[in-house]
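*Asks:* Right, I'll just put the structure down here and ask away after.
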Amino acid sequence: MILSVTMPLLTESQGNNEQYVLVACLDNAHNLSNILKAIAFKDHALVTATPNGLKVTVENSKCLQANAFIQAEIFQEFTIKEDMVGLKINLTVLLDCLSIFGGSTVPGVSPALRLCYRGYGYPLTLFLEEGGVVTICKINTQEPEEPIDFEFCSSNVTNKVEVKARDASRTPDSNAERLSTFGNAGSAHYDYSKDSDMMELFHCTTTQNNRYKMALLKPSTKALALSCKVSVRTDSRGVLSLQYLVRNDDGQICFVEYYCCPDEEVDDD
């Protein structure tokens, strides 16, 4: 449900915090919208709120998981009355609501957001204000499911590299890490030297060959386009972790992480 009203209703809503278990406010709603677009490859998402902030999770076929982390410090106000609040929501609808005023052509101008949740069974309520007009969006919530635990831990990481995202398309001369794509149309190889300017960290404990379905990894390019640094890790099972450091319009840091299971092993041609 969407309703447009005058400014006093937003002021009134700010005085009713006691009825909500979660209240989060942003001066710039585009910051939240941009980070959520980086994981929006499925309609529904799991939202987990703790005193540390929000974690939004999207999964595909138990082989791929994407998480967006928005720390509490990013919000101008972040109030939670429980140790953890969980809900399932239609991510597509949420993004539509966040962009309801459209893209502003004026730099630094964005609708303000007040996100409120009363608890289990209640909708997620968004108050969006721009130019004195407040739009209220109420989005139905569902029972949250338990997200997949990929059991990815630092102690089991075998290889890790950190690169500058803006240099990800460069191809150095010597080999340290190789990314390859192949299919009916042919193959391509990209080699990255551990001594190149783009490489900020290179830690390799063993030679490892893993294959991943391009269809699963393709959504992660949305996060790559926003990021300023990327961390690529694999564990002994071949599970891939892609961590993206994203700087928003206000210079604050958020994180996006993708987990991807390796494809079944096949003989090389």
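*Asks:* Lysines near K138 by alpha-carbon distance under 26 Å, same-chain residues fewer than 8 away left out - which ones?
*Replies:* In chain and number order, the partners are K37, K42, K55, K81, K88.
*Asks:* Also: Would you kindly derive the ³J(HN,Hα) couplings of segment 44-50 from the backbone phi angles with the Karplus curve 6.51 cos²θ - 1.76 cosθ + 1.60 (θ = phi - 60°), listing them in order in whole Hz, with x for Gly and Pro?
*Replies:* In residue order, the calculated couplings are 10, 9, 9, 10, 10, 10, 9 Hz.
*Asks:* Residues with amide H under 5 Å of T141's amide H, sequence separation 5 or more or different chain, H placed in the peptide plane at 1.01 Å from N; which?
*Replies:* Correct list: L124.
*Asks:* Compute the whole-percent fraction of alpha carbon pairs in segment 34-82 spaced more than 16 Å apart.
*Replies:* Of the Cα pairs, 43 percent sit more than 16 Å apart.
*Asks:* Quick check: pseudo-label points 7 Å beyond the Cα along Cα→Cβ at Y122 and C204, how many nm apart are they?
*Replies:* With each label placed 7 Å out from Cα toward Cβ, I get 5.4 nm.
*Asks:* How far apart, in nm, are the 7 Å Cα→Cβ label points at M214 and Q76?
*Replies:* So the two model labels end up 4.5 nm from each other.
*Asks:* For K42, which sequence-distant residues (separation of 5 or more, or a different chain) have an amide H within less than 5 Å of its own amide H, given hydrogens modelled in the peptide plane?
*Replies:* none
*Asks:* Then there is this: What residues qualify as long-range amide H neighbours of D235, i.e. H under 5 Å apart, gap of 5 or more or another chain, H built at 1.01 Å from N?
*Replies:* Distant-sequence amide H within range of D235: T158.
Here, each number is a calculation from the coordinates, and none is a lab measurement. None of these values were measured; they are calculated from a predicted model. Don't worry about glycine lacking a Cβ; one is built from the backbone with ideal geometry, like all the others, and counts go over all protein chains shown.
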